[in-house]
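Q: I'd like to ask some things about the structure below.
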Amino acid sequence: MSAPLLEIAGLSAGYGEVPVLSGVGLVIQPGEIVTLVGSNGAGKTTLLRAVSRVIAGRGTLRFDGHDLLTHTPEQVFGLGLVQVPEGRQLFDKMSVEDNLKMGAYRRKDEAGIARSFERVYELFPRMKERRTQIAGSLSGGEQQMCAIARALMAAPKLLAVDEMSLGLAPVVVDQLLAVLAEIRKQGVTVLLVEQDVFAAFTVADRGYVMETGRIVREGAISVLSNDPEVQKAYLGVQ
Ligand code: ATP
């Protein structure tokens, strides 16, 4: 097996004196779609914050051969670990196209940036149609498309999407899941952090279940989705 793209082991992190994560382990191989699921407050976003170095953590955090603990959030982004944050956090008053340009702000390769624009407009024809529209006036689903498109403009190796489905209609969620599958085909590894376990399981290869800051289950989706505890707690099976 090749070296993992992301390797997290024995990770502890929290806010000030309040511990949230304890002894978390999670590995992502290049080309995988991995999902991290768990209910509200389980610590999923905290894990993403620790990985992107926005909050401090202890343990092993390696990405693409680099020790993330010696990196700033800006440097982590520069290594190609790019997040689509919960709540999208678009530049509301800027156009779709200017939001996308912001995603590429660290890049200097004009030809590569032009290719990325073409690629994201192919993935999201709606964003091409709406490219001059102010991002704050897009629908919720369009805003999520714009946030994913902006992250792709950074040419990520790993795209980490937090709560992609939150507040969106099932038909829009399905479209976005199809886009994630396509993105993976184009060579981008994906970490999908979701409360909507059913949706996440339709697209992921493997999954991790988090409860109160710990990983309590992990495995192939075919195994997790047949696990009676997972079915009962997250898939609505009695
Ligand atoms: P959700 O899906 O609701 O975002 P989550 O699994 O992502 O849930 P986290 O946001 O990581 O959960 O929260 C985990 C715990 O950390 C919760 O108890 C939460 O109250 C706490 N927490 C989150 N952000 C902060 C913060 N900035 N300061 C203090 N505690 C926080």
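The values are calculated or read from the model by the stated rules, or taken from the named source; none is laboratory data. As the structure is a computational prediction, the values presented were derived from the model and not from experiment. Here the Cβ positions follow ideal geometry from the backbone for every residue, glycine too, while neighbour counts run over all protein chains shown. All accessible areas refer to the heavy atoms of the entire protein, side chains included, with ligands and DNA or RNA removed. Shrake-Rupley method; radii C 1.70, N 1.55, O 1.52, S 1.80 Å.
Q: Within the range 179-191, does at least one residue satisfy the condition of being touching a residue at least 12 places away in the same chain (Cβ under 8 Å), more than 19 Å from PRO125 (Cβ to Cβ), more than 16 Å from the ligand (Cβ to nearest atom) and surrounded by fewer than 20 Cβ atoms within 10 Å (Cβ to Cβ)?
A: yes
Q: If LYS108 meets every condition in (1) within 26 Å of THR35 (Cα to Cα); (2) outside any helix (DSSP H, G or I); (3) without any contact (Cβ under 8 Å) to a residue 12 or more places away in the chain apart from one, which number is that one?
A: It fails just one condition, (1).
Q: Follow-up question, since we're still on this one. Would you call SER139 farther than 27 Å from GLY207 by Cβ, within 21 Å of the chain's Cα centre (by Cα) and surrounded by fewer than 15 Cβ atoms within 10 Å (Cβ to Cβ)?
A: Considered against the rule, which asks whether it is farther than 27 Å from GLY207 by Cβ, within 21 Å of the chain's Cα centre (by Cα) and surrounded by fewer than 15 Cβ atoms within 10 Å (Cβ to Cβ), SER139 comes out as yes.
Q: Next question. Among the residues of the range 146-162, count how many are out of contact with any helix residue (DSSP H, G or I) (no Cβ under 8 Å at 6 or more places or on another chain) and open to solvent by 10 Å² or more (accessible area, probe 1.4 Å).
A: 2
Q: Turning to a different aspect of this structure: Restricting to the range 4-28, name every residue that is under 20 Å from PHE77 (Cα atoms) and touching a residue at least 60 places away in the same chain (Cβ under 8 Å).
A: Selection gives LEU5, LEU6, LEU26, ILE28.
Q: Go through the range 1-53 and tell me which strands (runs of 3 or more DSSP E), entirely inside it, have 3 or more residues that are within 16 Å of the ligand (Cβ to nearest atom) and surrounded by fewer than 20 Cβ atoms within 10 Å (Cβ to Cβ). It would help to see each step written out before you state the result.
A: Numbers: elements: 6-15, 18-28, 33-37.
In the range 1-53, the matching strands (runs of 3 or more DSSP E) lie at 6-15, 18-28.
Q: Kindly establish whether ARG58 is under 16 Å from LYS157 (Cβ atoms) and open to solvent by 70 Å² or more (accessible area, probe 1.4 Å).
A: no
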